[in-house]
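Written below as structure tokens is the structure these notes are about.
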Amino acid sequence: MEWIRQRLDRIREPFNKGNKLEKYSPAINALDTFLFTPNHTTKTGAHIRDAVDLKRTMITVVLALVPALIFGMWNGGYQHYSQLGEAFTFWEAIGHGALKIIPMIAVSYGVGLGIEFAFAIFRGHEVNEGYLVTGLLIPMIMPIDIPLWMVGLSVVFAVLVGKEAFGGTGMNILNPALTARAFAFFAYPTYMSGNSVWVSNAGEVDAISGETILGKLASGNEVPYSVMDMFSGVIPGSIAETSVICILAGALLLILTKVGSWRIILSAFIGAAIMGLIFNALPAMGLEGNDLTNFPWYSHLIVGGLAFGIVFMATDPVSAAQTMKGKWIYGFLVGFLSVMIRVFNPAYPEGVMLGILLMNVFAPTIDHYVVQANVNRRKKRLKNANPQVETA
Amino acid sequence: MSKDIRIKRGLSLRLEGEAEKELVKAPRSKTYAIKPPDFHTVVPKMVVKEGAKLLAGDEIFYSKYTDQIRFTAPVSGVLKEIKRGDKRKILEIIIEADAEDAYRDFGKMDASKADAKDVEERILESGCGAFIYQRPYDIVADPKDTPKAIFISAVSTAPLAADKGFIIKDKVDAFQEGINALRKLTPGKVHVSVDDTSAEHLKNIQGVELHHVKGAHPAGNVGVQIHKIDPLNRGERIWTVGVEDVAIIGNVFLTGEYRADRTIVLAGSEAENRKYYQSTIGANVSDLIGQASDSVRIISGDVLTGTQLSNNQYIGFFDNEVTLIPEGDNYRIFGWLPFTYNNIHSNSHTSLSWLFPKRKFTPTTNLNGEERALVVTGEMEEVLPMDIYPMQLIKACMAGDIEKMENLGIYEVAPEDFALVEYVNTSKIEIQEVIRLGLDLMITEVG
């Protein structure tokens, strides 16, 4: 360890203050701090500090994503081989999925981190760790067969327009990973929806039934999957969205470490359940529903990207509501709107992406009213204390 | 009459290096110093020159813009040196102390019977005006204002902080006289908050409203107590005084002398002879701790709000603590891995330290990360037991948006109230400084 440290100190010598490559120091710092937590000590303010830093927080989210990612690799192979009717082993399935997914992750990290490093050098700040999560999320919410260049282009759009245009990490309004998916969805709809994109190499096979459950419901087809299939995730869909079990494992880690807001996760599931219940109640109210409205409310919670979106995207602290009360309202509306969009939008059978993006836009408004209540309390107190003081 | 306050949110850090409850006399320093930077916003105007002979209680300087506030010598002796920094700013006024203090005689006065004007004048001329701080802004109080109440916190919740009950136990008579004097300064109430130990000694104090405070840090902060008892509105003033400072004020009336006694607790994992020391304001830190090595940080005050000292510098005017902790200028390999390095305390659950609530930690001065943009939400609210949105207020301060700061409650806070917020902050932003600059902006813009 001492040896690595000394080597590193020698490598970074030209990047230090006053030396030739000082401008590029954020790049070398990012590498250095990846290996070592730096020896910086407190200068002003509190002399001791908490052990947590942003790297730790972000890596925790990455860890929480791992179960869903591994399941996604296996499911990629499973869907492929089972549709072809070929025999396969567990490792063959994982191998097939990994061969598809790992290049996507590599492209996402390569392109995204490249832009992040460039902006850090350009703006003269350190590289923020947020992209470690975003860069992993982007491939995980794409169809397995999407071309790599589309992944790359979506990343460019998400990082440049979704994040850096607003001032970088901490300032963005929309969740960058969902921005990437929305870009791909609207720019290349044939690669992002329909019935032949969700199973690996589906185009090569005739008579494949690779539709997602929501797709089937929207077009009035039979759903051949049981609730248990939906819960365990052996269904077609975006790479990592299918297994509710793995997603809940990640959610548990996020909640236990307090990295993800349990308020948002819980209230979003409640919101989705209530919307589902309302739709289920339509026949009782004398209205005729369709397949989607009659889809049981609990099934709404476990199909499509709802669980994945709620646990890993809606909880993004930057684009979510930031106040405690705001989180409850924001989460509830994410769930509520996601199911509503699902049912009402015939062109697109999945509503989570749009539901979360819409609420991302409204999160500052929710916060504004929550904070304003606090401001009004303070003004009222002032008025009661000194009636003669004018409250602006 | 007593009321109970329970603070639910907060964080009591358990650190290694607590001091024994034993009071010993500190060795007398050769030199003592008053440091004008201890009095935020005060611009000192000297009234004596180097070489002047001083009695304890003789005026050294006054505040240029509020000239009634005078600052007096804590010990008798010769004014040895006026240390100046950039732009000739006075940093330290060093007094070479006599072997035995000789006091200037202000004459005895019965504060409870005296006229309010005389009481005020006596407090100011003896230099005790320096002990009275005001909210908003956390600066020395302007005697021209009338405070709606005066708050005294005898609750210590900060990590390794001096036990205020222990400090005051032998000074209850002086404390009572100090209260009698302070009561003359406000038409409102004098509030004293106590914890279990200080309640024992202060339960019979007359003329105050006693509050029992329970809860984790920052429950002991006077700002938090004001917020719970009688919150501050725009245009109002509340004054705050330290517990031991009340006794100093009381002594001025009882004895006619300015006795600048200061009890200092020596604590922290790197300190030896961890005890309570009977010392005097402005003592030289090296007379207490000897020469500390470079690997030790000397803090005048507690680990969250104190100021860093070097060897042979002087303890701060208001500080009851000297804390020694190890410097943390070392690298940690893969320090970002969650659930590793669990010997470093974390309020976040990405470290397993929260599984050992009884464990005492030995923190270093390592920042444990680098400064980043504000990303994580919800962590600040956990340690700020006030009806205030911390992140929103901090951002308003950074942006210098005066109206927003006012709306979000800038008048109710002091930097020390945000010390824990700064401690737990994932993005390692210097939040106390942000709040201080925000308050300074309010002083210049609103006043």
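Each value in this text was obtained by applying a stated rule to the coordinates, not by laboratory testing. Predicted, not measured: the structure shown is a model, and the values here were computed from it. In this analysis, Cβ positions are derived from the backbone assuming ideal geometry, glycine residues included, and neighbour counts consider all displayed protein chains.
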> For segment A:70-135 and segment B:25-50, what is the separation of their Cα centres, given in Å?
Replying inline: 63 Å
> Per residue, how much space in cubic angstrom lies within the convex hull of the C-alpha atoms of the protein assembly as shown?
Replying inline: 185 Å³
>> Just to be sure I understand: of the beta bridges DSSP finds with both ends in chain B, what percent are antiparallel, rounded to 5?
In response: 60 percent
> Amide H neighbours of B:T263 under 5 Å, counting only residues 5+ apart in sequence or on other chains, H built in-plane at 1.01 Å?
Replying inline: B:S279
> When you take every Cα atom in chain A, what is the radius of gyration, and what is Dmax, the widest Cα pair distance, in Å?
Replying inline: 23.6, 84
>> Compute the orientation-averaged projected area for segment B:245-342 from the convex hull of its Cα atoms and round it to one decimal in nm².
In response: 8.0 nm²
> When the Cα centres of segment B:94-159 and segment A:35-55 are compared, how far apart do they sit, in Å?
Replying inline: 38 Å
>> Which aspartates and glutamates, if any, have their Cα less than 16 Å from the Cα of B:K3, not counting same-chain residues under 8 positions apart?
In response: B:D195, B:D196, B:E200, B:E209, B:D230
> Across segment B:384-392, in residue order, what do the Karplus-derived ³J(HN,Hα) couplings come to in whole Hz, using 6.51 cos²θ - 1.76 cosθ + 1.60 with θ = phi - 60° and x for Gly and Pro?
Replying inline: 10, x, 10, 7, 9, 8, x, 5, 5
> Using modelled backbone amide H atoms (1.01 Å from N, in-plane), which distant-in-sequence or interchain residues come within less than 5 Å of B:G215's amide H?
Replying inline: B:I7
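For the protein assembly as shown, what is the percent of antiparallel DSSP beta bridges, rounded to the nearest 5?
Within the protein assembly as shown, antiparallel bridges account for around 60 percent of the total.
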> Once phi is turned into θ = phi - 60°, what whole-Hz ³J(HN,Hα) does the Karplus curve with 6.51, -1.76 and 1.60 give for every residue of segment B:23-40, x standing for Gly and Pro?
Replying inline: 9, 10, 7, 6, x, 6, 6, 6, 10, 10, 9, 9, 10, x, x, 5, 9, 4
> With each run of n ≥ 4 DSSP H residues scored as -39500 (n - 2.57), what mean residue ellipticity at 222 nm is computed for chain B after dividing by its residue count and rounding to the nearest 500 deg cm²/dmol?
Replying inline: -6000 deg cm²/dmol
> Can you give the calculated 222 nm mean residue ellipticity of chain A, where each DSSP H run of n ≥ 4 adds -39,500 (n - 2.57) and the sum is split over every residue, rounded to the nearest 500 deg cm²/dmol?
Replying inline: -19500 deg cm²/dmol
>> For a quick check, take a GNM of chain A with Cα springs below 10 Å and name the residue from A:F122, A:F344, A:F336 with the largest mean-square fluctuation.
In response: A:F122
> Remind me, what semi-axes does segment B:367-445 give for its equivalent ellipsoid, largest first in whole Å, using sqrt of 5 times each Cα gyration tensor eigenvalue?
Replying inline: 20, 13, 11
>> Given Cβ point charges of +1 (Lys, Arg) and -1 (Asp, Glu) and nothing else, what value in debye, to the nearest 20, does the dipole of segment B:2-255 about its Cα centre take?
In response: 840 debye
> Over chain B, what number does the Rg to Rh ratio reach, with both radii from the alpha-carbon atoms and Rh per Kirkwood?
Replying inline: 0.95
>> Given contacts defined as C-alpha pairs under 8 Å and at least six residues apart, what's the relative contact order of chain B, whole-number percent?
In response: 19 percent
> Cα centroid distance between segment B:406-447 and segment A:261-289, in Å?
Replying inline: 43 Å
> Out of residues 5 or more away from A:L174 or on other chains, whose amide H comes under 5 Å of its own, with H placed 1.01 Å from N in the peptide plane?
Replying inline: none
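Would you list the membrane-span-like helices of chain A, meaning whole DSSP H runs whose alpha-carbon atoms span at least 18 Å along their axis and whose mean Kyte-Doolittle value is at least 0.5?
Helices meeting the span and hydropathy rule in chain A are A:54-84, A:90-123, A:262-280, A:324-344.
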> Can you pull the mean other chain C-beta count within 10 Å for peptide A:248-260?
Replying inline: 2
> Mind checking the dipole of segment B:299-447: about its Cα centre, +1 per Lys or Arg Cβ, -1 per Asp or Glu Cβ, Debye to the nearest 20?
Replying inline: 780 debye
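Taking K and R as +1 and D and E as -1, what net charge do the other residues with C-beta under 11 Å from the C-beta of B:I281 add up to?
-2
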> Structure shown: which of B:K45/B:K87; B:K228/B:K358; B:K108/B:K203; B:K35/B:K184; B:K64/B:K87 lie over 18 Å apart, alpha-carbon to alpha-carbon?
Replying inline: B:K228/B:K358; B:K108/B:K203; B:K35/B:K184
>> For a distance above 13 Å, tell me the whole-number percent of Cα pairs in segment B:213-277 that qualify.
In response: 75 percent
> What is the dipole size for the protein assembly as shown, taken about its Cα centre, with +1 at each Lys and Arg Cβ and -1 at each Asp and Glu Cβ, in debye to the nearest 20?
Replying inline: 880 debye
> Of the lysine pairs in chain A, how many meet both conditions: Cα atoms under 28 Å apart, and a spacing of 8 or more in sequence or different chains?
Replying inline: 24
